[in-house]
Amino acid sequence: MPNLVPALPELILAIGAMALLMLGAFTRDDGIRRMGWYAVAVMAVAFLVLAGLGTGPVVTFNGMFILDVFAVFTKSLILLAAAVAVVMSMGFLEREKLERFEYPVVMLFATLGMLMMVSANDLIALYLGLELQSLSLYVLAAYQRDSARGSEAGLKYFVLGALASGLLLYGASLVYGFAGTTSFAPLAEAVGAGPAHTGVVVGLVFILAGLAFKVSAVPFHMWTPDVYEGAPTPVTAFFAVAPKIAALALLVRVLTGPFGALAAEWGQVVWLISIGSMIVGAFAAIGQTNIKRLMAYSSIGHVGYALIGLTVGDVVGVRGILIYLAIYLFMNVGTFAVILAMRHKGQMVENIADLGGLSRTHPMMALAMALFMFSMAGIPPLAGFWGKFYIFMAAIEAGLIGLAVVGVLTSVVAAFYYIRIVKVMYFDDPVEAFDRPIGRGLATVMTVAAVVIVALTVVPAPLVASAGAAAASLVGAG
């Protein structure tokens, strides 16, 4: 019998999801608020249990599952992002007549898959977690069945996602064929024992391609703008944070763990997709008029910045990634809370021009949005600046000056479209005011996200320390 204690958060999510599924099926209750709050309660219990599990590292399920400080840190961010996404969804689903109890159940299963990904210590466990997440996300993308755009988003995501999963699985089979194992620890020994077999390197390239799709890194980013625009807005908010955090954490664990000895090989690939993501994210967003598409390209750019830390590959680089992801989480959920509040006469609006004069019609919302935009642009001294600072400093210390320079230059370009939104809110003529009230859930998310961004600006030390401990548990104190 395996030790189940390290996997208690996953077990809580699995049992909670199945219990809610039974409850919804037998009571025929489509009250999204009741089911949604149940789902949030399940995530909160999983979060509290996770916090009490200690630091590890503990390996169980015959070496397929690992719990360490890195896993606890990233799982905490994922659970927080998922819970906030459910809270932000409730009002939207009620207004759009999408009150079906399956929504919070599918969110729970997606979150379960992400937690399994982060703790994967074997290529088979990795694939199981990834597919549980992916299948749930395909359903969420097409959740608005009566919308042509929603159905198109779900179909595009499914087809391209299936291709990426196939690439990843093919790469894993090559690695198994040439290394003789799928478990991370023996794989690290086999890879580090001598010159790597060409088949292992080719398999790694396929695995890297599959995971790059999941984080929407260039050149596997083509699905992102269409899916972000077509999916329901709260689903887009979920896509922008939780799956990104999970996939980046998985990418870091896979590359620095079993394939750490091949850093010279995969480092070149990550360097290239990091630069590509930063450039595409910066320049492709300039001409966007739809704010959800702009946020899609913004997320591609942010993934590029995070990948700088992975290119560095040491404890300082991984610490930079974790700091960046924590700050990115709050910037994004706050921004999407504002986007969800963009309604005229009950209808959702998504154009940047619709924010015109927001400072006069909704001054506090405009102030929060300006805070998020300046932070995303990396304007000092806001938290977003510190996120980029730790990433760029890691690159400079590792001698990757060119990568840091590209990061700074693309940040300057990206600042244009973030500051343009602030300009529209504060200097353009007012358009028709957004509907009131915006809802307690959205107002709370906006307020808390803004407060956290300010708090991390003033007191970043606790985040830096916890991220440093998480990075050291994965990469070591080297």
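What is the local net charge at LEU474, summed over the other residues whose Cβ is closer than 12 Å to its Cβ (Lys, Arg +1; Asp, Glu -1)?
After counting each charged neighbour, the total is 0.
Quick one: Karplus J couplings for region 202-211, per residue in order, coefficients 6.51, -1.76, 1.60, θ = phi - 60°, nearest Hz, x for Gly and Pro?
Per residue, the Karplus-derived 3J(HN,Hα) values read 4, x, 4, 4, 5, 4, 5, 5, x, 6 Hz.
Once you mark the trypsin sites (Lys or Arg not before Pro) that are in a DSSP loop and have at most 11 other Cβ atoms within 10 Å, what is the longest gap between them in the chain?
Looking at the chain, 146-344 is the longest stretch - no exposed trypsin sites (Lys or Arg not before Pro) with at most 11 other Cβ atoms within 10 Å.
Give me a comma-separated list of calculated 3J(HN,Hα) values for region 399-408, in order, Karplus coefficients 6.51, -1.76, 1.60 applied at θ = phi - 60°, integers in Hz, x for any Gly or Pro.
x, 8, 4, x, 5, 5, 5, 4, x, 5
Going by the alpha-carbon gyration tensor, a ≥ b ≥ c the square roots of its eigenvalues, is region 282-324 rounded (a/c under 1.5) or, if a/c is not under 1.5, prolate (a/b greater than b/c) versus oblate?
Prolate, since a/c reaches 1.5 and a/b exceeds b/c.
Contact order normalised by length for region 141-253, with contacts defined as Cα pairs under 8 Å and 6 or more residues apart; what percent is it?
Worked out over region 141-253, it gives 35 percent.
Per residue of the chain, what 222 nm ellipticity follows from adding -39500 (n - 2.57) for every DSSP H run with n ≥ 4, rounded to the nearest 500?
Helix-only estimate at 222 nm: -25500 deg cm²/dmol.
Hey, could you pull the Cα Rg and Dmax for region 368-478, both in Å?
Considering region 368-478 through its Cα atoms, Rg and Dmax are 17.6, 57 Å.
Using only the Cα atoms of region 410-449, what do you get for the radius of gyration and for Dmax, in Å?
Rg and Dmax of region 410-449, Cα atoms, are 14.0, 38 Å.
Please report, in whole Å, how far the alpha carbons of region 1-105 spread along each principal axis, starting with the longest.
45, 27, 19
Can you bin every Cα-Cα distance in region 273-406 into 5 Å intervals starting at zero and give me the percent of pairs per bin, rounded to whole numbers?
Cα pair-distance distribution for region 273-406, in percent: 2, 11, 18, 21, 18, 12, 8, 6, 3, 1, 0.
At what distance in angstrom do the alpha carbon centres of region 1-67 and region 281-337 lie from each other?
Their Cα centres are 28 Å away from one another.
Taking Cα centroids, how far is region 154-187 from region 242-256 in Å?
Cα centroid to Cα centroid, the span is 15 Å.
When the expected Rg is taken as 2.2 N^0.38 Å, what fraction or multiple of it is the alpha-carbon Rg of region 79-121?
Working it through for region 79-121, the quotient is 1.34.
Tell me the net charge near HIS344. Cut-off is 13 Å between Cβ atoms, HIS344 excluded, with +1 for each Lys or Arg and -1 for each Asp or Glu.
0
Per residue of region 315-332, what does 6.51 cos²θ - 1.76 cosθ + 1.60 with θ = phi - 60° give for ³J(HN,Hα)? Whole Hz please, x for Gly and Pro, Karplus curve as stated.
5, 5, x, 5, 4, x, 4, 5, 4, 4, 5, 5, 5, 4, 4, 6, 4, 6
List every residue whose amide H lies under 5 Å from the amide H of PHE65, counting only residues 5 or more places away in sequence or on a different chain, with H placed 1.01 Å from N in the peptide plane.
Correct list: THR60, ASN121.
For region 186-340, report the convex hull volume of the alpha-carbon atoms normalised per residue, in Å³, without decimals.
Expressed per residue, the convex hull around the Cα atoms of region 186-340 is 99 Å³.
Any idea what the relative contact order of the chain is, in percent, if you count C-alpha pairs under 8 Å spaced at least 6 apart?
Relative CO of the chain lands at 15 percent.
How big is the accessible area of VAL451 in square angstrom, nearest 10, if you roll a 1.4 angstrom probe over the protein chains?
Looks like 90 Å² after rounding.
How far is the Cα center of region 415-434 from the Cα center of region 352-408, in Å?
With region 415-434 and region 352-408 each reduced to a Cα centre, they are spaced 16 Å.
Note down the nm distance, to one decimal, between modelled labels 7 Å out along Cα→Cβ at PHE427 and at ALA443.
Between PHE427 and ALA443, the label points sit 3.1 nm apart.
Please compute the net charge surrounding GLY287, taking Lys and Arg as +1 and Asp and Glu as -1 over other residues with Cβ under 12 Å from its Cβ.
Its environment carries a net charge of +2.
State, as an integer percentage, the relative contact order of region 336-478 based on alpha-carbon contacts under 8 Å between residues 6 or more apart.
38
Over all pairs of distinct alpha carbons, what does the Kirkwood formula give as the hydrodynamic radius of region 316-393, in Å?
13.7
With N residues in the chain, what two-decimal value do you get for its Cα radius of gyration over 2.2 N^0.38 Å?
0.93
Decide, for region 72-144, between rounded, prolate and oblate: order the square roots of the alpha carbon gyration tensor eigenvalues as a ≥ b ≥ c, take rounded if a/c falls under 1.5, and otherwise choose prolate if a/b is larger than b/c, else oblate.
Judged from the Cα gyration tensor, region 72-144 comes out oblate (a/c at least 1.5, b/c at or above a/b).
Once you have a ≥ b ≥ c as the square roots of the Cα gyration tensor eigenvalues for region 1-48, tell me rounded if a/c is under 1.5, and otherwise prolate or oblate according to whether a/b is larger than b/c.
oblate
Of the DSSP beta bridges with both residues in the chain, give the percent that are antiparallel, rounding to the nearest 5.
100
The values are calculated or read from the model by the stated rules, or taken from the named source; none is laboratory data. Being a predicted model, the structure only gives us computed values, none of them experimental. Using ideal geometry, Cβ is built from the backbone for each residue, glycine included, and neighbour counts are taken over all protein chains shown. Just the protein is used for accessible areas: all its heavy atoms, side chains included, with ligands, DNA and RNA removed. Shrake-Rupley method; radii C 1.70, N 1.55, O 1.52, S 1.80 Å.
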